[in-house]
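Okay, so here's the structure we're looking at.
The values are calculated or read from the model by the stated rules, or taken from the named source; none is laboratory data. What you see is a predicted model; the values in this text were computed from it and never measured. In this analysis, Cβ positions are derived from the backbone assuming ideal geometry, glycine residues included, and neighbour counts consider all displayed protein chains. Areas reflect the complete protein model, heavy atoms only, side chains present, ligands, DNA and RNA absent. Shrake-Rupley method; radii C 1.70, N 1.55, O 1.52, S 1.80 Å.
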Amino acid sequence: MLKENKETKDKIIYYSDELNDEFAGDDIVAKKIDGNYRYIRKGILSRIGHIFWYRIFATPLAFCYLKIYFHHKIVNKKVLKEAKGKPYFVYGNHTHFLADALIPTIANFPREVSVIVHANNVSMPLLGRITPSLGALPLPDDIDATKNFMRAIEQKVKENKCIMIYPEAHIWPYYTDIRPFRNMSFRYPVKSKVMAFCLTNTYQKRRFSKRPKLVTYIDGPFYADADKNDREKKQQLRDMIYAKMKERSKNSNVEMIKYVKVEKNND
């Protein structure tokens, strides 16, 4: 719940569950992602649509918006050279409804990026038809969709693509720490035996503006120990990336919204 302190004009959000509370502020009714949803889109029209929306439309828009609105800066992008010509996964913190959709494209440029998203992202009346061409891979809702989803992930890996994941799952606008997240999404690089990176967005002071500067740190690659089983690898990978993101998040020095934890009401 978002409130404003009338004395200080500070924006305050009260939360009780770091794993499940959502503050995106949209009222989108998500459609069910079942076995009929097409994750893999082939054909000349699909290819043309992808080139237009991803390269001609979205990439320049992302660059201009992030530079003009946030004075966006990327730090340590050189580590991605390790993934040249290879598939990889990137994990990031989820703190802005629009910037989080655009940053993967810029941070990983010129590599194409697919982003694992909530069904909301493909359920909007107009944009929902475009987001698949921008790389959106909505999470499945049934067994048949799950099979298709995993085939799509495998296809992206075979094509040496980058796959972006927000393991916090829910948007907390301008949040400057890293919320605890589960290890489920780390099964993808473990199963595919590919490298993983992390991307940490921080909010920092600007000299002549109240709007913060958005600075993105990229770190990796991360690998789990080969002698561990898949369950242990998944947890180890999660722990390494979580620790690095926590470390990088300390570079934030602007708090646009204050987050206050309250006890959950079970009544």
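Quick look at the values:
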read-out	value
Which listed pairs, of Lys158/Lys228; Lys78/Lys213; Lys161/Lys233; Lys81/Lys233; Lys73/Lys250; Lys210/Lys258, have C-alpha distances above 18 Å, in listed order	Lys158/Lys228; Lys78/Lys213; Lys161/Lys233; Lys81/Lys233
Shape parameters for the stretch 49-172, alpha-carbon atoms, Rg then Dmax in Å	14.4, 43
Fraction of accessible area attributable to carbon and sulfur, the stretch 147-267 (%, probe 1.4 Å)	45 percent
With 5 Å bins from 0: P(r) over the stretch 125-177, alpha-carbon pairs, percent	4, 14, 18, 23, 22, 11, 7, 1
Debye intensity ratio in log₁₀ form over the Cα atoms of the stretch 102-225, taken at each q of 0.09, 0.11, 0.21, 0.22 Å⁻¹	-0.30, -0.45, -1.50, -1.59
For the chain, size of Cβ-based charge dipole, Lys and Arg +1, Asp and Glu -1, in debye	1280 debye
Positive-end residue, the stretch 1-150 charge dipole about Cα centroid, Cβ charges, pick of Gly135, Met150, Ala119	Gly135
Three-way shape label, the stretch 168-267, alpha-carbon gyration tensor, a/c 1.5	oblate
The stretch 21-60-the stretch 129-163 distance, computed between alpha-carbon centres (Å)	10 Å
Cα centre as origin, Lys/Arg/Asp/Glu Cβ charges: the stretch 142-215 dipole, Debye	480 debye
Global form of the stretch 8-119, assessed from the alpha-carbon gyration tensor, a/c cut-off 1.5	oblate
Principal axis dimensions, the stretch 58-103 - Cα atoms, whole angstrom, descending	31, 20, 19
Per-peptide average of other Cβ atoms within 10 Å, ordering 108-114, 12-18, 79-85 highest first	108-114, 12-18, 79-85
Cα point-scatterer Debye curve for the stretch 15-75, base-10 log of I(q)/I(0) at q = 0.26 Å⁻¹	-0.98
Computed lengthening from Val79 to Phe109, 0.36 nm per intervening residue step minus Cα-Cα distance	9.5 nm
Virtual spin-label span in nm between Lys86 and Arg231, 7 Å along Cα→Cβ	2.8 nm
Proportion of all alpha-carbon pairs of the chain beyond 22 Å (%)	59 percent
